[in-house]
Every structure is written in structure tokens, then in C-alpha cells.
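The values are calculated or read from the model by the stated rules, or taken from the named source; none is laboratory data. Remember, predicted model here, so these are calculated numbers, not experimental data. Positions of Cβ are generated from backbone atoms using ideal geometry, with glycine treated the same way; all protein chains shown enter the neighbour counts. For accessibility, only protein heavy atoms count, side chains too; no ligands or nucleic acids. Shrake-Rupley method; radii C 1.70, N 1.55, O 1.52, S 1.80 Å.
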Amino acid sequence: MGISYLVPSQLEKRAVKGAKVRVIFARREYIAVISELTDNCGDYKGRISEILSVEDVPAVSEKELRFWKWCADYYMCTVGEVYRAAFTSAMRRDSAPKRVRKQKPSEVDSRELYQLSPAQEQAREEIMESFAQGKPALLAGVTGSGKTEIYLKIAKEITDKGGRVLYMVPEIALSRQLNDRLEAVFGEMLLSYHSGMTPAARYSAYSKIDSTPDGEGFIVLGLRSSLFLPFRNLDLIIIDEEHDSSYKQTDPAPRYNGRDSAIVLGQIHSAPVLLGSATPSFESLYNCSSGRYSLVRLDEKFHGATEPEVTVIDTIRESKAKRMNGLFSQTLLEEIESVTGRGEQVLIFRNRRSYSPLVQCSVCGHIPMCSHCNVPLSYHKNRGELCCHYCDYHIPRSSVCPECSEPGMTEKGSGTEMIEEKIREILPNARVARFDAETTQSKAEEKRILREFAAGKIDILVGTQMISKGFDFKGLSLVALIQADSMLAMDDFRANERAFQLLRQLSGRTGRGAARGKIIIQTSLAAHNVYEAFSSGEERLYEQLAERQEFGYPPFVRLIKLTVRSADRNRLSDAAARTSMGLGKIRSAEITGPFAPVVDKVRGEYILQFWIKLPRAGNAAAKERIAELAEKIESEIRSVTIVADVDPQ
Ligand code: ADP
Ligand code: ZN
């Protein structure tokens, strides 16, 4: 799997297994890792080049190599691809910091941990009991129950004794938010690590972890990529918001899930693992019910706030009764006015950014599409453009239809930008802002919006998914969902689970202050059982789990999504036919496909997919055969790419 190099005699002593070395490959210099040493070149007769030098840094440990190997096997990629993920630019010496900037004093001044409440203390004890039995613990605690405080307490005990903790969060925004709190508790022992940092700062964290002597504790706050930091030993792994799909890397390989990989890393280090969420994933709940994890519940909010009052509004019925004002029901508008009138705040959630998801000619019906992807272009009004959300294609918006030349182009559907505009029209005195991928392109802007909302300088915030996570706003008392049915996408077996989690996360944002929060859901599918499950508690959710079992979906089976791509349609169908035949010979695999996904052309390449179901255990041989098959077809049919995504999200 690797490439062979000669070890010059003067480097023999230092060129140990795991050493980082400089080599030339295809005329370029690289840093590589020695994965194996041998005296035997087999029957290879060609020239073998020499290692140039051995880097003056600690060698990669046996544990790291074991973890990388596991990732490569499990996620069906090469060790080289895992290594590339591990060996980011942060490790390059030329990115070493030239000048160390002084840390800004933190806004949180107390170094103290809070005293845990009796309920929190009880949860902590249950977690420690689980660790003593060698089992990961899942802390299922409602939002505001103080899960973070429990993590900190457990972590601090470890770092104080010179132990090492990895604290994982799914997204940068969350790590930014937690950073101050952790800094207050851990001071110098806190090392942050994520892709939003400068290479110099990452290098600094990396080399600290690489070179801290045994017996000195630290805590790393990082995203999924921090799993590949050079830990010699770990004493605790915390996985915050474990249900979050952002833990999964989709592209490029390794297509790993940070949560699941963390469990394995914990095993390699014999380190206890603590998962936490207000809305645990079905996967983790399943692991609790099968006895692999312990389930620890914390149902009491620390500040004693109550669950929000939930109202589901049937937009079809309201529309018939002439009780809709454009996108908003009258009930919602009245509620918004009364909330803002009291000086409290509103969050309007819509899971589509842009002004309108598509435009259509009212004369001939033409819908402008991306010229590289099979998706309609979205209208972004402030940019005056139609844009593709799958690639960077964009064209100026015109009211004249390019097909029939009539001035018939009209917006269809509504995104965050339109909602923002309409709410400004209806409530001209309200201070309105928008929080989505577009308005938060700059980190400074993102921070500004959050700060102003937290300070009560914004009355109504319109946002996408990005706003549902972790944020703690005292003045927020109403959360509204517009066109909530769009989150129940039909082709995803996790749609209901996701929708439920999102509703829970959003409702967790309300009622943090004194008043009881409200959540208003506007939907054209008011009878959907997700809303009922949400209003009536989570027992109903377990029925969904039973359904997954009945129809053979994860977590009851292992799923692999195999994607075949090519810019050439004939080659694609040829490759798909051969994939289909090859897969058919794997007895333990249940195959669906090939089928065209909803968006069946992206960046000029046509796409066909297979879903492969494998048994949960004993599937390594089948995976290997699938990988071999993909590699064979790729090598035999030009310009075809086959990608395996294990445990797709
Ligand atoms: P969760 O992560 O479960 O949503 P947090 O850990 O964010 O909850 O806690 C919610 C709020 O309650 C935070 O402002 C936190 O500082 C506060 N809090 C939680 N536990 C305690 C405690 N034991 N003492 C004082 N404040 C607490
Ligand atoms: Zn495109």
C-alpha cells in the first residue's frame, strides 16, 4: 500500500517505524511516515530512491498507526488518505509561528467550576460508574440541564492529575462559544484546534500535543479532525452534541464519522468516552438499549425553565380561511407583534437560504437551471443573481425569459432573504437581521449579528439551520418555523429523526429567560406524526426506531452509499451495469440501485447511486470486495469515479 524507500546508513538509527521523513515522490518533496521497515525488497528490480532526511519531531505512535489503519479499513479508503487528513498543513514547519500573540484576557473571569446541582451530581456519578465498567456513557440531558458543567467537572479532575482530555464539538461556531468558558476553567491547559485557526496557531497546538511530557495534563477543544492529533495517551474523550450530522465528513476521503471514530480511538487508548446530547441519535440510543453504552438521563433544566408551548399551524387550512398574509399566518404575526411589543425576541427559522429557491417563467413555464448541475438556480436578490448551490455557477437575474423572451420570470417559494424582506414590510418598526451562510461569510459579521441579538439590539432574527445550535439567548421567547414541511424530505430515512432533533434544538433556544417560550410551526403537513411526537414527548420516537428495524435501516444494518460518476453518460451506464453485476455476487449484501439521485448531475458529472446494506457485524470481507470491485472498474473504464461512503448521513 505504501511506497518503498531506501534508508541511507547515516539515518538508520533515527529511521524507526512511525518516523516522519522527507522523500521525493513524482519530483516533489513530501513528508511521509515510515509504516514498515523491511530488509527484503522482494523481487522488485527498479531503482529505489533514498529517504532525504528524518524530521526532528516525535515519531508517529503505534496507537496512531492502529487508529489510521482502522479508519482506512472501516471507511474503505487508503491509509494514505487517512494520513493526509492527519497530516494537515498544521504540521508543516514553515508555518511555525513567528511571533506569539498575547492572549486577550477572557471575558469570563472566574476560574471556578460551579457546584453541581443534586441532579447533575447524580448524573456525574452514573457516568463515572459506567466508566468503571469500561463502557461509554451517553448523557441525554435536555437543553439547559447543564451538560457542559458536568463535562467540565469530569474533565478538570483528569487534567488536574496530569491526564489528557479531548473535547469534541461538531462545528466551529460551537467551539468559539465554548472557548471562553473552557479557558476560564483550564487556562493554559486549553488547546484549541480547528480549521478556522491560522496554520501557525494550529501548528502550535499540534506541536504542544506532540511534545508535552508525560504527566502534564491538557484539554483539546476541537472538531472531528482533532481525532488525528498526535496523542500519546488519552484519558477521556467527550463528544458534545453527538447526534449532529456535521460529525460526518462527506468529502474528501476519509469519509469518517467523528463520533464513531472517537469511540474506537477511546478503545485504542483505553480512555472512557462520554457522549452528550439533548436529542441523542438513534445509533447511540440503540447502543444503549443493546447494553454497549450506559444511558444517563438529566431531565431537569438548571434554571428550572419549562418546556415551550407548541402550536402547529396548518397553512392549507389557514389559507382557505383567508387567514394567511403571504408567508405568515395571522396567528403568527399577532404573536410576533405581542412578543416584540413586550421587548422580547423572535427567531424565524427556514431551512432554505436565498430569496427564492427557484424562478419560473409564468408564460412558458421555463425554469433556469445550472449549466453544470441538474438543479434549478436560486435567486439571491441582494446580489441580483441566480446562483447554483452545488457549484459556483451564477448569472444575472433578468425578468425576461431566455426561452420565450417574454417578461414572465417570477420567484417561486421563499428563502430566508424573502422572509427577511416580507417581515420588514409587515413590521416596519421591528429591527430585523438575517443569519445564514450568506450573511455570515465573514467571521466578524457572524459575531456581530450574534452579539447584537444577544444584547437585544435585534428584535427578529431570520435564520437557517446555523441558528439552531447551542446559542443561548436570554430574551428569546418565540421560535417560528416557516414551511416546516420542507425538512421532511422524502428520500431520507433519517428525515423524521432529523426533523425531531431540529424541533427539539430550536425549542431549546427559547424560554432561557424568565418567561415560558413558545414555538409556532407553520406547515402544510400538519398531520405528520413528527409534530405529534414532538408535542407529546419522545416515546413516539421509539416507534420510528422499530420501523427502522422492520425495514432494515441503520442502526440495524450497516449502510454504504456507492456513488458512480462520470461526465460521459455511456461510460457511466457501463460502469453502473458492471458495478451492479459485481455487487450481485456478494452474498451478504442487499443491493438497491443503480438509481439517479434527486440531483443527478453535479459540476458536469452525471451520477448514479447504489445503496448497499450489510450486516452490522462480520462485514469486513464484503467491504473489501466492494472496494476491489470499485477499483477494478475505475481502472478499466476511463473517467469514471466510484466513491464509497460508509454510514452515510
Ligand atoms: P446544556 O449544555 O445542557 O444545554 P448548559 O451547560 O449550557 O446546558 O447550562 C445552561 C445554563 O445553566 C448555563 O448558563 C450554565 O452556566 C448554567 N448552569 C448549569 N449548571 C450550573 C451549575 N451547577 N451552577 C451554576 N450555573 C449552572
Ligand atoms: Zn451548479
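Once R0 is set to 51 Å, what does the formula 1/(1 + (r/R0)^6) return for the Cβ-Cβ distance between I426 and R571, expressed as a FRET efficiency to the nearest 0.05?
Details: r = 53 Å, r/R0 = 1.04.
Computed FRET efficiency for I426 and R571: 0.45.
Only one residue of S536, F556, M581 has its Cα farthest out toward the positive end of the dipole of the chain, where Lys and Arg carry +1 and Asp and Glu -1 on Cβ, and that residue is M581.
Would you mind telling me the share, in percent, of accessible area of the chain contributed by carbon and sulfur at probe 1.4 angstrom?
Working: 15220 of 31200 Å².
It is 49 percent, rounded to a whole number.
When the chain is described by a simple charge dipole with +1 on each Lys and Arg Cβ and -1 on each Asp and Glu Cβ, the residue from Q177, N374, I31 located farthest towards its positive end is I31.
The phi torsions of segment 66-72, fed into the Karplus equation with coefficients 6.51, -1.76 and 1.60 and a -60° offset, translate into couplings of 4, 5, 4, 5, 4, 4, 5 Hz, rounded to whole numbers, with Gly and Pro shown as x. When you filter the chymotrypsin sites (Phe, Trp or Tyr not before Pro) in segment 1-95 for DSSP loop state and at most 14 other Cβ atoms inside 10 Å of their Cβ, you are left with Y44. Estimated at 0.36 nm per residue, the fully extended path between K412 and H303 surpasses their Cα-Cα distance by 34.9 nm. For the chain, just say rounded, prolate or oblate: build the C-alpha gyration tensor, square-root its eigenvalues into a ≥ b ≥ c, call rounded for a/c under 1.5, and beyond that prolate if a/b exceeds b/c, oblate if not. Oblate is the answer for the chain, as a/c is 1.5 or above yet b/c matches or exceeds a/b. In the chain, what percentage of the DSSP-assigned beta bridges are antiparallel, given to the nearest 5? For the chain, the DSSP antiparallel bridge percentage is about 50.
Note on V16/K447: beta-carbon distance plugged into 1/(1 + (r/R0)^6) with R0 of 35 Å gives a FRET efficiency of 0.15.
Which is the longest run of the chain containing none of the GluC sites (Glu not before Pro) found in DSSP loop states (not H, G, I, E, B) with at most 11 other C-beta atoms within 10 Å? All intermediate terms of the calculation are to be shown ahead of the outcome.
Numbers: sites that count: E12, E36, E107, E112.
In the chain, the maximal stretch lacking such sites is 113-649.
Its residue count N fixes a reference of 2.2 N^0.38 Å for segment 551-649, and the Cα radius of gyration divided by that reference is 1.04.
Got the relative contact order for the chain handy, in percent, Cα pairs under 8 Å and 6 or more residues apart? Don't skip to the end; give the middle numbers.
Details: 1190 pairs, mean separation 78.5, N = 649.
That works out to 12 percent.
Think of the chain as having a plus end and a minus end, set by charges on the Cβ of Lys, Arg, Asp and Glu; of Y203, L332, A86, Y203 sits farthest toward the positive end of this dipole.
About the Cα centre of segment 558-646, what is the dipole size in debye to 20, counting +1 per Lys and Arg Cβ and -1 per Asp and Glu Cβ, all else neutral? List each step's numbers first, then the result.
Details: 16 positive and 11 negative charges, 44 e Å.
Magnitude of the dipole: close to 220 debye.
Under the criterion of Cα pairs below 8 Å and six or more residues apart, the relative contact order for segment 1-87 equals 32 percent.
Distant-in-sequence amide contacts of E406, defined by a placed amide H-H separation under 5 Å and a gap of 5 or more residues or a different chain, comprise C401. Label positions at A455 and A546, each projected 7 Å from the Cα along the C-beta direction, are separated by 5.3 nm. The DSSP beta bridges internal to segment 107-303 are antiparallel in roughly 5% of cases.
How high is the relative contact order of segment 4-49, given as a whole-number percent (alpha carbon pairs under 8 Å, six or more residues apart)? Numbers along the way, then the final one.
Values: 39 pairs, mean separation 17.0, N = 46.
For segment 4-49, the relative contact order is 37 percent.
Taking amide H as placed 1.01 Å from N in the peptide plane, the amide H of H243 sits under 5 Å from that of S281, each at least 5 places away or on another chain.
At most 11 other Cβ atoms within 10 Å and a DSSP loop assignment: could you name the trypsin sites (Lys or Arg not before Pro) in segment 339-427 that fit?
Numbers: sites: R342, R350, R352, R353, K381, R383, R397, K412, K422, R424; in loops: R342, R350, R352, R353, R397.
Passing sites in segment 339-427 are R342.
The calculated 222 nm mean residue ellipticity attributable to helices in the chain amounts to -10000 deg cm²/dmol, summing -39500 (n - 2.57) over DSSP H runs of n ≥ 4 and dividing by all residues.
Solvent-accessible surface of segment 1-58, averaged per residue with a 1.4 angstrom probe and all protein chains in place: 78 square angstrom. Listed as lacking a disulfide-compatible partner in the chain: C41, C71, C77, C288, C387, C391, by the criterion of no other cysteine Cβ under 4.7 Å.
What is the magnitude of the charge dipole of the chain about its Cα centre, with +1 placed on the Cβ of each Lys and Arg, -1 on the Cβ of each Asp and Glu, and no other charges, expressed in debye to the nearest 20?
Numbers: 88 positive and 86 negative charges, 266 e Å.
The calculated dipole for the chain is roughly 1280 debye.
Amide H contacts of R434: V462, each under 5 Å away and 5 or more positions distant or on a separate chain (H built 1.01 Å from N in the peptide plane; Pro and chain starts excluded).
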